[in-house]
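J.: Shown below is the structure under consideration.
The values are calculated or read from the model by the stated rules, or taken from the named source; none is laboratory data. As the structure is a computational prediction, the values presented were derived from the model and not from experiment. Every residue, glycine among them, receives a Cβ derived from its backbone with ideal geometry; neighbour counts consider all protein chains shown. The protein model used for the area step is the full one, side chains on, heavy atoms only, and it has no ligands, DNA or RNA in it. Shrake-Rupley method; radii C 1.70, N 1.55, O 1.52, S 1.80 Å.
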Amino acid sequence: METGRTEKMAKTISANILLQLIIVFSGLILPRFFLKEYGSEVNGLINSIKQFMTYFSVVSAGIGIACKTALFKPLEEKNQEEINSILSATNIFFRRSGYIFICMISALAFFYPMFIQTDITNIDIILLILILSAGSILEYMILNKYRILIDADQRLYIEAKFQTQGILLNLLFSVVLIKFHSPVLLVQLVAAIVYTIRAFRIRNYVKREYPQASFNEKVSLSIIPNVKSASSYQVSNIIISYTPILLITFIIGLKEVSVYSIYNMVFASLLMIINVFSTGLSSAFGNIYLKKDKILLNRNVSTYTFLFYSIGFTLYACAYKLILPFINIYTSGIDDINYDQPLLALLFIINGIIAVIRTPALTMVEASGMYRENAVLNIGEAVLNIIISIILTYKLGLVGVLMGSAIVGSLRTIIYLFFLYSKVVTVSIYKVAMIIISNIFIIKLIKAIPIQISNNSFIDWIGEAIVVFLMSFLLIFTINSIIDKESFIDILKKIKIIFKKIMYKK
């Protein structure tokens, strides 16, 4: 059983590594084309609308996590009747959310042009909103119920494969259309069509691989517990993650949204790469948690934390050294607003490190289903984040938004860590604290090393980035291995298991 779980984890991680690399590749190329062709204002408008789409996803907040957690046990026991009941309730929840989402999109299309100062015509803004929302509507009405089943059954690598192919296809079409100076509406419409194709491929996979799965049984929605508690958990995450662009949109302006979105693009890409090592693993940890095997749970959480921190802190050490030269190269020739903002970069790095420290605890909250225990604190964090961010944004502009997130996020992360190491696992928090402190020190050390980073050429920058990465990873991984020798040995054992499996198949 341990071998099978390790193999599924390896498949999920490897598929997500490829997916996140493709997302990063696409995420770095497309915005550059948009900036050059359509300017900072259009780029800011698109990013602002996309954040509204994500913000409106509060209508389904917690449904996916609660439904996935409810599926762990019946999938383990192969109880098809209970599986179908949960899937049917999931379908009902998401359809209801979809109808509410459509109403919210309609309101946004009506009111948004009234409150934005821009030279872009109202009809273009409305059409952009409708096109950009098409994918989200498709998720609610069709896709999400299938994704929940795949994720709960530890087959998230299947969706990752389809998503990878879709992103590459969209990148190809978008670049060609932009090169031919196509209207931005046409570029976004093609992206929506590609997304639709991907959604139906996932649906067809589920219908083929899960022939006994039914989404239309008559059920009571109470079959899925913790929906309200899980909702508070998700709502707070959404508010904290996507409030910044909304505040910048209405308090500062669309061009500043573009500045924020370019930095956010880089750091979101970093988080996506780092989260390769957490995406889909809550299902595996949920399986272990249900078995009530404390020794196995403690060992796997320690190993996961060791690996996650090693990768996460390495990438932020690189970011601290490399971000400003990258931004200068990326935005060269775009002079309608200043993109070189060192303090903004530093605050993004601080918030990213806070996210890295918190993620293992969040993964275990999802795996254990302990949303109710964190509900009040989650909502409190979201409310406090909004209040502080609004005040600081009015006073300090762009940097104020990130300062608010850093202040509140630091406090909440400390609480999450104590929750994890006192309520879920019995691992020493002091060892984890030693790793965090040591890794932060190494990040400062890497920044201080006198390596000149190119501001003029991507080729030179990439070569220098490889040197910085290897140096950072070697230092951080070595220090972490000394502090937590048991987790280092466990990683070697898991690699050996995967290697033997590959060799056996050959």
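J.: Out of (i) 23.3; (ii) 25.6; (iii) 35.7, which label holds the value of mean projected area of the Cα convex hull in nm² that was computed here?
T.: Among (i) 23.3; (ii) 25.6; (iii) 35.7, the one derived from this structure is (i).
J.: Work out from phi, with θ = phi - 60° and the Karplus expression 6.51 cos²θ - 1.76 cosθ + 1.60, the ³J(HN,Hα) of each residue of segment 107-121, listed in order in whole Hz, and give x for Gly and Pro.
T.: 5, 4, 4, 7, 8, 4, x, 6, 9, 10, 8, 7, 7, 6, 5
J.: HN-Hα J couplings of segment 260-271 from phi, Karplus 6.51/-1.76/1.60, θ = phi - 60°, integer Hz, Gly and Pro as x?
T.: For segment 260-271, the Karplus curve yields 4, 5, 5, 4, 5, 4, 5, 6, 5, 5, 4, 4 Hz.
J.: Sorted by packing (mean other beta-carbon atoms within 10 Å per residue), highest first, where do 128-135, 23-30, 42-49 land?
T.: Taking the mean over residues of other Cβ atoms within 10 Å, the ranking is 42-49, 128-135, 23-30.
J.: Over all pairs of distinct alpha carbons, what does the Kirkwood formula give as the hydrodynamic radius of segment 449-496, in Å?
T.: Taking the inverse mean of 1/r over all distinct Cα pairs, segment 449-496 comes out at 12.8 Å.
J.: If I ignore ligands, DNA and RNA and count only protein heavy atoms, how much of residue 336 is accessible to a 1.4 Å probe, in Å² to the nearest 10?
T.: Approximately 60 Å² for this residue.
J.: Suppose R0 equals 22 Å; then what is the FRET efficiency for residue 117 and residue 394 from their Cβ-Cβ distance, rounded to the nearest 0.05?
T.: That pair, residue 117 with residue 394, gives E of 0.80.
J.: Could you state the accessible area per residue of the chain in Å², with a 1.4 Å probe and every protein chain left in place?
T.: Accessible surface, normalised per residue, equals 45 Å².
J.: Let me ask another. Ranked highest first by the average count of other Cβ atoms within 10 Å around their residues, in what order do 72-80, 101-109 fall?
T.: Ranking, from highest mean packing down: 101-109, 72-80.
J.: At R0 = 25 Å, how high is the FRET efficiency between residue 387 and residue 423 if r is their beta carbon distance? Nearest 0.05 is fine.
T.: 0.35
J.: Jot down the per residue volume, in cubic angstrom and as a whole number, of the convex hull over the alpha-carbon atoms of segment 352-458.
T.: Value for segment 352-458: 144 Å³ per residue.
J.: A follow-up question, please. May I ask you to rank 438, 422 by accessible area, largest first, using a 1.4 Å probe over the protein chains only?
T.: 422, 438
J.: Going from most exposed to least, what order do 246, 172 have by accessible area with a 1.4 Å probe?
T.: In descending accessible area the options line up as 172, 246.
J.: Under Stokes-Einstein, with the Kirkwood radius over Cα pairs standing in for Rh, what whole-number D in µm²/s applies to segment 148-202 at 25 °C and 0.890 mPa s?
T.: The estimated diffusion coefficient comes to 201 µm²/s.
J.: Where does each of 403, 265 land when they are ordered by accessible area, with a 1.4 Å probe and the largest first?
T.: Result of the area sort, largest leading: 403, 265.
J.: Still on this structure, please answer the following. Which pairs, out of 11/493; 444/485; 68/292; 11/431; 294/431, put more than 22 Å between their alpha-carbon atoms?
T.: Long pairs (Cα-Cα over 22 Å): 444/485; 11/431.
J.: Tally up the carbon and sulfur contribution to the accessible surface of segment 380-506 as a whole percent, 1.4 Å probe, everything protein left in place.
T.: The C+S portion of the solvent-accessible surface of segment 380-506 is 75 percent.
J.: Got a sec to turn the phi values of segment 346-357 into Karplus ³J(HN,Hα) couplings, 6.51 cos²θ - 1.76 cosθ + 1.60 with θ = phi - 60°, whole Hz, x for Gly and Pro?
T.: My calculation for segment 346-357 gives 4, 5, 4, 5, 4, 5, x, 5, 4, 5, 4, 4 Hz in order.
J.: Return the inverse of the average 1/r over all pairs of distinct C-alpha atoms in segment 9-151, which is the Kirkwood hydrodynamic radius, in Å to one decimal.
T.: It is 17.7 Å.
J.: At a 1.4 Å probe radius, carbon and sulfur cover how many percent of the accessible area of segment 100-200?
T.: The computed percentage sits at 71.
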